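Notes follow once the structure below has been shown.
The values are calculated or read from the model by the stated rules, or taken from the named source; none is laboratory data. Because the structure is predicted, anything quoted here is derived from the model rather than measured. Here the Cβ is made from the backbone with ideal geometry for all residues, glycine too, and neighbour counts use every protein chain on show.
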Amino acid sequence: MPRTSLRTSSFGESVIRGMTRLADECGAINLSQGFPDFDPPEPVLRAAERAGRHGPHQYAITWGALEFRRALARKQSRFMGLELDPNEHMVITCGSTEAMMVAMMTACNPGDRVIVFSPFYENYSADAILCGAEPVHVTLYPPDFRFDPEELRGAFRRGAKALVLCNPANPSGKVFSRDELMFIASLAEAHDTFVLTDEVYEHIVYRPREHTYFASLPGMFARTLSCSSLSKTYSMTGWRLGYVIATPEIIGEARKVHDFLTVGAAAPLQQAAVTALELPDSYYGELQALYTKKRDEFLEYLRAAGLVYTEPQGAYYVMVDISEFAWASDLAFCEWLARQVGVAAVPGSSFFHEPINHLIRLHFAKRSETLSAAGERLLKIRERMPRASYNARSEPAKL
Ligand code: GLN
């Protein structure tokens, strides 16, 4: 039998999606893969019913249905503070997963270096490898996930074609400050580097933090490929609707990549999602209030359980420090947590390039009932902990 490509053998399957399968298998409350257990807004569901009955059921224009792009241009122009043209500045993709792949393939040649902050959402390295580029990691140091400006400068100096910026960040919950972004912008300009953003949590930011769109910084629109999606903002992760926003020159190239990769995002869902994009501004304020409440509810349980965590500034993840339990492997810890405590988390090591395995990621995009059920289970974490493991720093337990 012929051998499959070296490209695919250089990375593993997604740990996040693997944890969801484990949660399903053992009936754990799934706080691993980040998606809500509640539905999109009611008017959007009604629009989906209409689209199911009346279509369109055939291909949309490859770079996105015009009505969808018009609605997206209106909404993003308002929030990004840019004048976006639906015909010039965007390509609609199958989720931001495709958007990031399209952005990377549009920006990079084989052999190019791509700076990725670590910890990072696991797709970025795989994206870089799939387009023959080399990921170069710059650490965001826990617990507060700051980067060392000199380390970042060094990574740019060694030559980088692009930098990936996930802001608000998955998994750390970091929201990059305007000053940090301006520093990145100055390096991107000095070294003539593209910036590929993943801004899917743009509307999930906790006060007093605010989201700054990288493309809106002075001079940055020309070198930024802004990727995002409707998944998190409208609780529709399964609809797979995302986009890349950039200059007409960049979009002209990105459209070609997208066209040959997927032809297009689902036409009836684009039609229905116009209703989502046309929701009034009050929707986004309510979304922020909703997630602030969920975050506070869930963190209260973590506090009551005596767990150590970094308070997220944005997105809907929290990194919990499990050093006190002294397990040799965070993956084994997460398996134990899912099977014996009934809560599924993602082992932090799957996000880090560095050998860090004392953190796990939990998410709180869940209904109040789900969060309190998970919280009650976490309160019992110490009771359930095998004796050899709990408080036995020097002798990590075996499963
Ligand atoms: N972004 C979500 C997460 O980090 C979901 C990822 C996925 O599986 N597409 O969990």
Restricting region 116-134 to residues that are of a type outside the set (Ser, Thr, Tyr) and farther than 19 Å from SER5 by Cα, the one nearest to the ligand (Cβ to nearest atom) turns out to be GLU122
Against the definition (within 21 Å of SER77 (Cβ to Cβ) and within 16 Å of the ligand (Cβ to nearest atom)), how does SER229 come out, yes or no? yes
Of the residues in region 317-356 that are within 21 Å of the chain's Cα centre (by Cα) and assigned to a loop (DSSP other than H, G, I, E, B), the one that is nearest to ASP296 (Cα to Cα) is ALA345
Practice item. Kindly check whether there is at least one residue in region 79-97 that is on the phi > 0 side of the Ramachandran plot and within 16 Å of the ligand (Cβ to nearest atom). Key: yes
Among LEU362, LEU337, LEU307, LEU302, the single one that is out of contact with any Pro (no Cβ under 6 Å at 6 or more places or on another chain) and closer than 19 Å to VAL200 by Cα is LEU362
Subset of region 359-371, residues surrounded by 20 or more Cβ atoms within 10 Å (Cβ to Cβ) and away from the ligand (no atom under 14 Å from the Cβ), comes to LEU359, LEU371
Considering region 1-19, residues that are in a helix (DSSP H, G or I) and within 11 Å of the ligand (Cβ to nearest atom), and then whichever is nearest to TYR316 (Cα to Cα), we arrive at ILE16
A careful count of residues in region 302-348 that are farther than 25 Å from GLU210 by Cα, within 15 Å of the ligand (Cβ to nearest atom) and among the hydroxyl-bearing types (Ser, Thr, Tyr) gives 0
Among residues of region 20-43 being outside any loop (DSSP other than H, G, I, E, B) and within 16 Å of the ligand (Cβ to nearest atom), the residue farthest from LEU359 (Cα to Cα) is ASP24
Residue hits (region 203-217; under 15 Å from THR247 (Cβ atoms) and either of a type in the set (S, T, N, Q) or part of a loop (DSSP other than H, G, I, E, B) (or both)) are TYR213, SER216, LEU217
With criteria (1) of a type in the set (S, T, N, Q); (2) over 29 Å from GLY285 (Cα atoms); (3) modelled with pLDDT of 95 or more, THR93 comes up short on (2)
Expected output for region 4-16 (first residue over 22 Å from PRO110 (Cα atoms), partner β-branched (Val, Ile, Thr) and within 14 Å of the ligand (Cβ to nearest atom), Cβ below 7 Å, 6+ apart or cross-chain) is VAL15/VAL346; ILE16/VAL346
Any hit, region 65-78, residues being out of contact with any helix residue (DSSP H, G or I) (no Cβ under 9 Å at 6 or more places or on another chain) and surrounded by fewer than 16 Cβ atoms within 10 Å (Cβ to Cβ): yes
ask   = VAL244: under 17 Å from the mean Cα position of the chain (by Cα), of a type outside the set (S, T, N, Q) and away from the ligand (no atom under 16 Å from the Cβ), yes or no?
value = yes
Going through region 259-282 in order, the residues found to be over 19 Å from ARG70 (Cα atoms) and away from the ligand (no atom under 16 Å from the Cβ) are ASP259, PHE260, LEU261, VAL263, SER282
For this session: Tell me, please, whether a residue that is under 27 Å from VAL346 (Cα atoms) and buried (at least 24 other Cβ atoms within 10 Å of the Cβ) can be found in region 147-161.
Result: no
By my count, strands (runs of 3 or more DSSP E) wholly in region 108-199 with at least 1 residues that are without any contact (Cβ under 8 Å) to a residue 40 or more places away in the chain are 134-139, 194-198
